[in-house]
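The values are calculated or read from the model by the stated rules, or taken from the named source; none is laboratory data. What you see is a predicted model, and the numbers here were worked out from it, not measured in a lab. Glycine gets a Cβ as well: all are built from the backbone with ideal geometry, and neighbour counts include every protein chain shown.
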Amino acid sequence: GWLCYRYSDDNGRTWSGERYRIPMRLTKRDRENVTGGTHQFFWCIDKPVTANGSVYFALPKLTTGMPLDGGEGWVVHSDNILTERDPAAIRWDLLPDGDVGVWNPALGSVQEEQNIEVLSDGSLYMVNRTEIGHPAYAISRDAGHTWTTPQVMRYATGNPLKNPRACPRIWKASNGKFLFWFHNNGYPGWGNSAVRNPVWLAGGIEVDGDIRWSQPEILLYVPDPTVRGMSYPDFIEQDGRIWVTETEKVVARVHPLDPALLDGLWNQHARAAVVQPGLALESGPLGAGSSVALPKLPSLRAGGFTLEMWLQVGDLREGRTVLSSFGQRRYGFSVSLSADGALRLNLADNRQRQWLEVMDGPEPKENVRSVRQWSLSSGAGSITPGKPHHAVFIVDGLAKIASVVIDGVLYDGGASAIQGWCRLNPWLDDLNSDGVCVVDKGLPGQIARLRIYDRYLRTSEAISNYRAGVASQ
C-alpha cells in the first residue's frame, strides 16, 4: 500500500487535483509481513501535530492485512512542510531511527492506532491500543528519533487504565492540559462491539515531563447496551469551547463538552470541598440501630441518586447489612458487607416481578445473570476492619450505569474483573419505600457521615468530597 495525500490552501474549500505519495522506508515489520515487503500494511487514525519546527503523525505497521496483527508504531515526519510551497520538494522520513518501531513485546502482538501529542518541552507523547485490556504509551525526548519502551498507562494513583481493542485518543487543549478518550473496561478481545459503550474521559496535567491522569468520567453513552459503541474521536476547540466528534461507523456526531466536567477533571487533584448542589440529606454520626428520614429519590427511569458514607466497621461478616431503606415493603436500597472486604449496594423497586437481569461484563451476550435484586460491589479488599473509609455509590439512571468511588478512587474491577462500573437493569424505577433508612442494629462500627444526593455525582465531585474529609459540611 501507499500513503498518499491531497492538500488544500483554503481551509478545505478546494483540494489539489493531484495526489502525492509519502514514501515510507521498508523496515523489519514490512519484510516480515505476509508479502515479504512487496506491500506495506498500515493505516492511520492520527492527526498531524507540530513541534520543533516540524510536523509529525503516527501510524501502525502490520504483518497482516486482515485480520489485523503484528502492530508496531511509527511516526511520519517532515521538517519543511510548514514552509515549503512545492509538494515535490517536501522532505519525509520515518521515525524512530533504525529497523524496529515503537513497541513492547510484553504488550502482545496487537499494538495499533498510535496517536501523538506534544509536551511543553517539545517531547512527543504516543498512545496506542492493545488487546491485553490496557492502553499503552511511550515518550520521545529527541524529536522522535528514539522512544521509551511502551508501558501500560496509569492514573496518578498508580493503578492502570483499562481499554479494549478500541481507539484510545489523546488531545491537548490550548491551556496546555490534556484529555484522554477511552472505554474503562479491560475486555481482552476484539473491541469492535458494545464494549465501546460508554465512553470515558480522563484529564491530564503535565508534571515533570510526564502526564498525570485523573480518575475518569462518563463522557458519552447509549442506554441500549446492544448498540455498537462510539469510537474514532476528535476534539475541536474554538472560542473557548470544546467539542468532540465520534462515529459508530454508520452515523457521525458532534457533541459540545460541559466546561464543568472538564474543569473537574483538570482540577481533581486539588479540589477539596463538599459538593452542595443536589444534596438532599446530610446526617451523622449514626451508630448501630440509628435511623434517619429519607428524602424522596428520583425515578431511575429518568434520574439518579448518589449515596455517600464515611464509615468504619470492626469486622467483616458475609452479608452483614450496614444500612437499609427496604423497610416493611421490602424495596429501596441497602448497603451490605462481604467477608472479602467489599461493600455492596443493593437496589429493588416496587414493581411486581421476581427477577432482574444483570450484566456483569461489557458484552450483552456474555455474563448475564438473573437476580432478585440488582447489586454493585466495591471490590474485594476495599474495606479494612478498624479503618475509616469513604464510599460513594453513584447511580445514573439516564446512562443506566452505576459506579462506586472508594477512598477517592473509582473502582474499575482491578485484576479480578473486566470493569468496575455496572449496567443498571433498564426497568428499575421507584426506590421510595417507607421513607426511613436504618443502620443495622448489629453493626460493629458507625457511619460517621451520611449524604444522599438526588442526582448522580460526577467522579470528580465524589473525590472532592473525599478530599474535604469526614468533618467537612
Where a residue in segment 130-158 is in the same structural domain as Gly73 (by TED's automatic domain parsing) and its partner, wherever it lies, is assigned to a strand (DSSP E or B) and of a type in the set (S, T, N, Q), with Cβ under 6 Å and at least six apart: Ala136/Asn128; Trp147/Ser140
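Output the residue which, of all residues in segment 229-271 that are among the small types (Gly, Ala, Ser) and closer than 22 Å to Trp213 by Cβ, is surrounded by the fewest Cβ atoms within 10 Å (Cβ to Cβ). Before the answer, list the steps.
Filtering segment 229-271 down to residues among the small types (Gly, Ala, Ser) leaves 229, 231, 240, 252, 260, 264, 270.
Applying the additional criterion that residues be closer than 22 Å to Trp213 by Cβ yields 229, 231, 260, 264, 270.
Numbers: Gly229: 23, Ser231: 23, Ala260: 11, Gly264: 21, Ala270: 9.
Of everything passing the filter in segment 229-271, Ala270 is surrounded by the fewest Cβ atoms within 10 Å (Cβ to Cβ).
Conditions (1) in a loop (DSSP other than H, G, I, E, B); (2) more than 25 Å from the chain's Cα centre (by Cα), marked per residue:
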position: Ile394; (1), (2): no, no
position: Ala399; (1), (2): yes, no
position: Ala415; (1), (2): yes, no
position: Ile418; (1), (2): yes, no
position: Pro426; (1), (2): yes, no
position: Asp429; (1), (2): yes, yes
position: Asp434; (1), (2): yes, yes
position: Cys437; (1), (2): no, yes
position: Gln446; (1), (2): no, yes
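So for segment 222-242 (the condition being over 29 Å from Leu428 (Cβ atoms), among the β-branched types (Val, Ile, Thr) and touching a residue at least 60 places away in the same chain (Cβ under 8 Å)), does at least one residue qualify? Full working, then the answer.
Step one: of segment 222-242, the residues over 29 Å from Leu428 (Cβ atoms) are 232-242.
Right, trim to among the β-branched types (Val, Ile, Thr) and you get 236, 242.
In the following step, the residues that additionally are touching a residue at least 60 places away in the same chain (Cβ under 8 Å) were identified as 242.
Yes - at least one qualifying residue is present in segment 222-242.
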Odd one out for Ser338 among (1) crowded, with 18+ Cβ neighbours inside 10 Å; (2) touching a residue at least 60 places away in the same chain (Cβ under 8 Å): (2)
Residue in segment 238-261 that is part of a loop (DSSP other than H, G, I, E, B), modelled with pLDDT of 95 or more, within 23 Å of Ala194 (Cα to Cα) and of a type outside the set (S, T, N, Q) present: yes
Residue ID - nearest to the chain's Cα centre (by Cα), chosen from residues in segment 280-329 that are touching a residue at least 40 places away in the same chain (Cβ under 8 Å), at positive phi and surrounded by fewer than 18 Cβ atoms within 10 Å (Cβ to Cβ): Gly327
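Out of everything in segment 52-87 that is touching a residue at least 60 places away in the same chain (Cβ under 8 Å) and among the aliphatic types (A, V, I, L, M), what residue ends up being farthest from Asp10 (Cα to Cα)?
By that ranking, first place goes to Val75.
Results for (1) buried (at least 17 other Cβ atoms within 10 Å of the Cβ); (2) in contact with a strand residue (DSSP E or B) (Cβ under 9 Å, 6 or more places away or on another chain); (3) among the basic types (Lys, Arg), shown as yes or no for each residue.
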position: Thr38; (1), (2), (3): no, no, no
position: Ala51; (1), (2), (3): yes, yes, no
position: Tyr56; (1), (2), (3): yes, yes, no
position: Thr64; (1), (2), (3): no, yes, no
position: Leu68; (1), (2), (3): yes, yes, no
position: Gly71; (1), (2), (3): yes, yes, no
position: Ala89; (1), (2), (3): no, no, no
position: Trp92; (1), (2), (3): yes, yes, no
position: Asp99; (1), (2), (3): no, no, no
Failed item, numbered, when Ile218 is tested on (1) among the β-branched types (Val, Ile, Thr); (2) crowded, with 19+ Cβ neighbours inside 10 Å; (3) within 14 Å of Gln268 (Cβ to Cβ): (3)
Some residue of segment 372-380 being among the aliphatic types (A, V, I, L, M), surrounded by fewer than 23 Cβ atoms within 10 Å (Cβ to Cβ), in contact (Cβ under 8 Å) with a residue 60 or more places away in the chain and part of a loop (DSSP other than H, G, I, E, B): no
Tabulated pairs, segment 414-434, first of a type in the set (Phe, Trp, Tyr), second not in a loop (DSSP other than H, G, I, E, B), C-beta under 7 angstrom, 6+ apart or interchain: Trp421/Ile401; Trp421/Ala402; Trp421/Ser403
